[in-house]
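For reference, the structure discussed in these notes is given below.
The values are calculated or read from the model by the stated rules, or taken from the named source; none is laboratory data. Computed from a predicted model, the values in this text were never measured in an experiment. Heads up, the Cβs are rebuilt from the backbone with ideal geometry, glycines too, and the neighbour counts pull from every protein chain shown. To get the accessible areas, we keep the full protein, side chains included, count just its heavy atoms, and leave off ligands, DNA and RNA. Shrake-Rupley method; radii C 1.70, N 1.55, O 1.52, S 1.80 Å.
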Amino acid sequence: MTEPVVLVINSGSSSIKFQLVHPVAGESVGTGLVERIGERTGRIVYRYPGGEIDRELHIADHTAGLHAAEDVIAETGPPLRERGIVAVGHRVVHGGAVFHEPTIIDDDVLRELRRLSTLAPLHNPPNVVGIEVAMAQLPDIPHVAVFDTAFFHTLPEAAATYAIDAEVARANRVRRYGFHGTSHEYVSGRAAAFLGRDLGDLNQIVLHLGNGASASAIRGGRAVDTSMGMTPLEGLVMGTRSGDLDPGILLYLHRNSGMSVDEIDDLLNRHSGLKGLCGENDFRSVLGMIADGNPDAKLAYDVYVHRLRRYIGAYLVELGGVDVVTFTGGVGENNVDVRRDALAGLDGLGIVVDDTRNRSPERSERRISADDSAVEVLVVPTNEELAIARKAVALAG
């Protein structure tokens, strides 16, 4: 019997990630990226078992981007419609209070997703465009929305509620939703499998560290807290996002500097975090600057680690003890220094990182804690595309 194929689409504001996945075997048939949509010169990269296509071309909009993806897939084998695709899985960033499980997309769902765009104006509109174009390309195949916020639907009210006027909060759907949920759910499940433990028996802290970054506290497979909030701006220091800050700063900048709401939004989302502190958001560049003696880069790194440790400490208390701490995401999977420094000096709490294991060049799931560490410390590569593919095929039947 031929292995089913799921097309996974992650449509962003100026890029589209796409992947053909065998969900049962957990194998990628091909993975691609369309970027710089709407700019003078765009780019499409597609990697498949036989090689790689990498070319520059003008990509006017998301419709053109998805057609370009369809074209490169056809160059490497059968056309998209002849690939045996049984479902299309779409990453949707914000499901609000309405969507908390994978959902077959129809006109009513699309209408609600457009309404939710006010909660995630940078993310949901391009998600919707990607869905609309893909549904036009593959109209006879089930399309499934998988929501970044869904895993955090289980947050206790005390963790999900902001201390503002309750009527204002209800009227404007203000609460903590959390993001990166697909990754946190996948990684916590893989951690349990790696350890040969029942997911329901574990207290876990998962640290998803990439250009965007978030932490979660997971008890028995259910999220009880997470660092991101109503938007992906809250929480850890990120590549270009500020993470936590005194909300009074926003009022001060508006009143004292005359900055508009849009200017403050741009500052906090695109010109803060590591980039705001030292001019670079790529961790490799930041570490290179530190090696060259740049004090701004050193401060940026220290602020990043300080915030990370604060969340780890909070979740240790909230969970009443932890069985496993897991690093994932581009920084979490690849950065030896962040892993070491985030958990340094926690021997008294039963967390001991083995330096040799931590420095291993291995890239698969692995243990980096010492043999005498009471808490397991793991590195587990995330695979949101596979997680989305499996959820889509399970729902589509």
Within segment 363-377, does at least one residue satisfy the condition of being over 20 Å from Leu202 (Cβ atoms) and either touching a residue at least 60 places away in the same chain (Cβ under 8 Å) or outside any loop (DSSP other than H, G, I, E, B) (or both)?
no
Residues being open to solvent by 100 Å² or more (accessible area, probe 1.4 Å) and closer than 10 Å to Ser373 by Cα: count how many of those fall in segment 349-362.
1
Can you find, within segment 147-169, the residue that is surrounded by the most Cβ atoms within 10 Å (Cβ to Cβ) among those that are of a type outside the set (Ser, Thr, Tyr) and part of a loop (DSSP other than H, G, I, E, B)?
Asp148
Pairs only if they're at least six apart or on different chains, beta carbon under 6 angstrom, first in segment 107-123 and under 17 Å from Arg241 (Cβ atoms), second among the β-branched types (Val, Ile, Thr); list them, first residue then second.
Ala120/Val93; His123/Val93
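So that you can scan it fast, the table gives a plain yes or no per residue for (1) open to solvent by 10 Å² or more (accessible area, probe 1.4 Å); (2) within 19 Å of Pro23 (Cα to Cα); (3) assigned to a helix (DSSP H, G or I):
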residue: Arg91; (1), (2), (3): yes, yes, no
residue: Asp108; (1), (2), (3): yes, no, yes
residue: Pro126; (1), (2), (3): yes, no, yes
residue: Ala134; (1), (2), (3): no, no, yes
residue: Asp140; (1), (2), (3): yes, no, no
residue: Ala145; (1), (2), (3): no, yes, no
Would you point out the residue of segment 1-29, among those that are in contact with a His (Cβ under 9 Å, 6 or more places away or on another chain), in a strand (DSSP E or B) and small (Gly, Ala, Ser), that is least open to solvent (accessible area, probe 1.4 Å)?
Ser11
Matching residues in segment 110-120 - criterion: being out of contact with any helix residue (DSSP H, G or I) (no Cβ under 9 Å at 6 or more places or on another chain) and either surrounded by fewer than 18 Cβ atoms within 10 Å (Cβ to Cβ) or of a type in the set (Val, Ile, Thr) (or both):
Arg111, Glu112, Arg115
In segment 331-348, the residues that are part of a helix (DSSP H, G or I) and open to solvent by 50 Å² or more (accessible area, probe 1.4 Å):
Asn334, Arg340, Asp347, Gly348
Kindly indicate which of Ala344, Ala370, Ala314, Ala300 is modelled with pLDDT of 95 or more, closer than 18 Å to Ile218 by Cα and hydrophobic (A, V, I, L, M, F, W, C).
Ala314
In this structure, is Arg219 in contact with a strand residue (DSSP E or B) (Cβ under 7 Å, 6 or more places away or on another chain), basic (Lys, Arg), modelled with pLDDT of 95 or more and at negative phi?
yes
Take the residues in segment 379-397 that are open to solvent by less than 30 Å² (accessible area, probe 1.4 Å) and either in contact with a Leu (Cβ under 8 Å, 6 or more places away or on another chain) or among the β-branched types (Val, Ile, Thr) (or both); name whichever of them is farthest from Lys17 (Cα to Cα).
Val379
Report those helices (runs of 4 or more DSSP H) wholly inside segment 266-330 carrying at least 1 residues which are surrounded by fewer than 17 Cβ atoms within 10 Å (Cβ to Cβ).
283-291, 295-319
Taking the stated definitions as given, is Arg115 among the basic types (Lys, Arg), part of a helix (DSSP H, G or I) and under 24 Å from the mean Cα position of the chain (by Cα)?
yes
Within segment 211-227, the residues that are touching a residue at least 40 places away in the same chain (Cβ under 8 Å), surrounded by fewer than 19 Cβ atoms within 10 Å (Cβ to Cβ) and part of a loop (DSSP other than H, G, I, E, B) are Asn211
Residue pairs meeting the criteria (Cβ under 7 Å; at least 6 apart or on separate chains; first closer than 19 Å to Val98 by Cα, in segment 160-188; second among the polar types (S, T, N, Q) and surrounded by fewer than 18 Cβ atoms within 10 Å (Cβ to Cβ)):
Arg175/Thr161
Out of everything in segment 170-185 that is under 19 Å from Pro232 (Cβ atoms) and part of a helix (DSSP H, G or I), what residue ends up being most open to solvent (accessible area, probe 1.4 Å)?
Asn172
So, of the residues in segment 30-47 that are farther than 19 Å from Ala60 by Cα and surrounded by fewer than 21 Cβ atoms within 10 Å (Cβ to Cβ), which turns out to be nearest to the chain's Cα centre (by Cα)?
Thr31
